[in-house]
Amino acid sequence: MNKKYHIWTEGCQMNVADSQRVGSSLEHLGYTLTETIEEADVIVLNTCVVRQSAEDKAYGRVTSLAPLKKKNPNLVINLMGCMVGVRGAEKLREKLPFVDVFSPPSDPGPLISLLTQGEVHSLEDAETARRFLLMDDELILPVAEQGKLVSAHVPIVYGCSHACTFCIIPSKRGGERSRPVGDIVSEVRSLAKQGVKEITLLGQIVDRYGKDIPDGPNLAALLHVLHEVEGIERIRFLTSHPNYFEDDLIQAIADLPRVMPHIELPIQAGDDEVLVNMKRGYTQQQYRDLVAKIRERIPGCSIATDIIVGFPGETEEQFMETYRVLSDLKLDVAHLARYSLREGTVATRRMDDNVPEEDKLRRLHMLDDLQEGILAEINKRHLGEKVEVLFEDKVKGRWRGRTPTNKIVFVESDEDLRGKVIPVTVTWTGPWSMQAQLTKQPDLISL
Ligand code: SF4
């Protein structure tokens, strides 16, 4: 009988990549994907707890499965991801006795060993399972994505050894562990064979790749290796940290045409005292200098950042430092968030969440409005310009793709543009996306 699996994924790109690998392993065991949770023989919940609201949602989701397990005792329920974390699940096991197996983030091992050996083994076997994942060094995409997936996420560093005071990730995903170059290259080769055109290398601090491997290659070296993988048209990476964005990485982006000139570089706040309290390890001026250096060496590149407003103790004047940085630097993207208490973080343990919610909201809106104006200006410069777009999918009848600088572009065409890199002419721009028309008919374009 053909057994079925269902995966529920919440959170970041790393979780999306992890779920893809779990799906790939289960299909290797002969399971097929079902979108109907009641039909599943194995249910995997890949959870995120970056904010309390995400943890509450995950808890609600897992407890909703208890009746299904009661009805079908053979059902296998796997709770995975940051809700479990690397420190195991003793507490969760007591609260969720109907869950069969608990898996740390990025580790399908416990589930695979339960399904293949009938019992959950420790990490060593997880190592065996990891080898199991890379079947003959090939990552076979889940059937549902084969031939459709244009852009794939490839984890290169798991965990994080930094200790930003607002962040739960190190305690959930553990210290940084870079993957062997060989594994990454094999995975990227197999993705290219399956029609993937773009890869995004993932790490909490991706520019620390290889720093935990003695004499290990760094990210710049890895980019040079992956640049030669046949079939991969575009390479992206996220998320970087200002302290590790070294000259050879900037040079690699400038020199390697398939490495896209788009950089995810969180600043988090503009005020130096707030940056110290966040334990970020750089100053506003150092961030400004880095952005200036990147723009000088890679003209036209785009830079995205992350900002937290209302961090404990943040005064109005300190917030205005953040406002001034964004206003001066005119970055291409700013992911904005309000500070929120997070059980298990240093900030929650040691700092008083004393910025009133209404002030947090007002500051967030101020940055939102500022950034929307900046984006409208930046995108307006592309009007009438020819840009190369890699098309990924169709949304409401229009093809959607991205430029090398990660701008979203929509095009109308009856042709199948999926996975094609095509020059288009920009005909309309807004803060969040652009509209364009094909510069030449697709069938005249050879890849
Ligand atoms: S660098 Fe800081 S914010 Fe990013 S994952 Fe590590 S601890 Fe969290």
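The values are calculated or read from the model by the stated rules, or taken from the named source; none is laboratory data. Keep in mind that what you see is a predicted model, and the values were worked out from it rather than measured. No Cβ is skipped: glycine too gets one built from the backbone with ideal geometry, and neighbour counts run over all protein chains shown. Side chains included, ligands, DNA and RNA excluded: accessible areas come from the protein's heavy atoms. Shrake-Rupley method; radii C 1.70, N 1.55, O 1.52, S 1.80 Å.
Data for the structure
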{"item": "Members of region 419-432 that are within 24 Å of I199 (Cα to Cα) and either in contact with a helix residue (DSSP H, G or I) (Cβ under 8 Å, 6 or more places away or on another chain) or open to solvent by 40 Å² or more (accessible area, probe 1.4 Å) (or both)", "result": "K420, I422, W432"}
{"item": "Meets criteria (assigned to a loop (DSSP other than H, G, I, E, B) and either open to solvent by less than 10 Å² (accessible area, probe 1.4 Å) or of a type in the set (S, T, N, Q) (or both)) for V86", "result": "no"}
{"item": "Any chance K69 is at pLDDT below 95 and among the basic types (K, R)", "result": "no"}
{"item": "Matching residues in region 148-174 - criterion: being near the ligand (Cβ under 10 Å from one of its atoms), in contact with a strand residue (DSSP E or B) (Cβ under 7 Å, 6 or more places away or on another chain) and over 13 Å from T345 (Cβ atoms)", "result": "G159, R173"}
{"item": "Near pairs, Cβ below 8 angstrom, 6+ apart or cross-chain, from region 198-217 (within 16 Å of the ligand (Cβ to nearest atom) and among the β-branched types (V, I, T)) to any residue that is open to solvent by 10 Å² or more (accessible area, probe 1.4 Å) and outside any loop (DSSP other than H, G, I, E, B)", "result": "I205/Y244; V206/L238"}
{"item": "Selected residue (criterion: surrounded by the fewest Cβ atoms within 10 Å (Cβ to Cβ)) from residues of region 141-158 that are assigned to a loop (DSSP other than H, G, I, E, B) and free of Cβ contacts under 8 Å to residues at least 60 places away in the same chain", "result": "G147"}
{"item": "Selection count, region 159-178, where residues are open to solvent by less than 20 Å² (accessible area, probe 1.4 Å) and either within 17 Å of P108 (Cβ to Cβ) or among the aromatic types (F, W, Y) (or both)", "result": "3"}
{"item": "Evaluation of L265 against (1) over 22 Å from the mean Cα position of the chain (by Cα); (2) within 14 Å of the ligand (Cβ to nearest atom); (3) open to solvent by less than 20 Å² (accessible area, probe 1.4 Å) (one fails), failing number", "result": "(1)"}
{"item": "Scan of region 197-219 for residues that are at pLDDT 95 or above and among the aliphatic types (A, V, I, L, M), ordered by number", "result": "I199, L201, L202, I205, V206, L219"}
{"item": "Residues located in region 355-369, provided they are under 28 Å from the mean Cα position of the chain (by Cα), under 18 Å from Q268 (Cβ atoms) and without any contact (Cβ under 8 Å) to a residue 60 or more places away in the chain", "result": "K360, R363, L364, M366, D368"}
{"item": "Enumeration of residues in region 268-278 that are farther than 17 Å from F245 by Cβ and either within 16 Å of the ligand (Cβ to nearest atom) or not assigned by TED's automatic domain parsing to the domain that holds E246 (or both)", "result": "A269, V274, V276, N277, M278"}
{"item": "Residues of region 204-231 classified as on the phi < 0 side of the Ramachandran plot and of a type in the set (G, A, S), total", "result": "3"}
{"item": "Residues (within 16 Å of the ligand (Cβ to nearest atom), touching a strand residue (DSSP E or B) at 6+ places or on another chain (Cβ under 6 Å) and not hydroxyl-bearing (S, T, Y)) located in region 218-242", "result": "F237, L238"}
{"item": "Residues that are polar (S, T, N, Q) and open to solvent by less than 10 Å² (accessible area, probe 1.4 Å), drawn from region 268-325", "result": "S302, T305, T322"}
{"item": "Residue, nearest to the ligand (Cβ to nearest atom), within region 243-262, restricted to residues that are free of Cβ contacts under 8 Å to residues at least 60 places away in the same chain and open to solvent by less than 30 Å² (accessible area, probe 1.4 Å)", "result": "F245"}
{"item": "In region 279-314, residue farthest from the ligand (Cβ to nearest atom) [restricted to those that are under 22 Å from L367 (Cα atoms), of a type outside the set (D, E, K, R) and free of Cβ contacts under 8 Å to residues at least 24 places away in the same chain]", "result": "A292"}
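Okay, residues lined up against (1) more than 26 Å from I199 (Cα to Cα); (2) crowded, with 20+ Cβ neighbours inside 10 Å; (3) not assigned by TED's automatic domain parsing to the domain that holds D328:
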{"position": "D368", "(1), (2), (3)": "yes, no, no"}
{"position": "K396", "(1), (2), (3)": "no, no, yes"}
{"position": "R402", "(1), (2), (3)": "no, yes, yes"}
{"position": "F410", "(1), (2), (3)": "no, yes, yes"}
{"position": "L417", "(1), (2), (3)": "no, yes, yes"}
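To keep it simple, each residue is scored yes or no on (1) in contact with a His (Cβ under 9 Å, 6 or more places away or on another chain); (2) closer than 30 Å to P142 by Cβ; (3) not charged (D, E, K, R).
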site	(1), (2), (3)
L223	no, yes, yes
L249	no, no, yes
N277	no, no, yes
R297	no, no, no
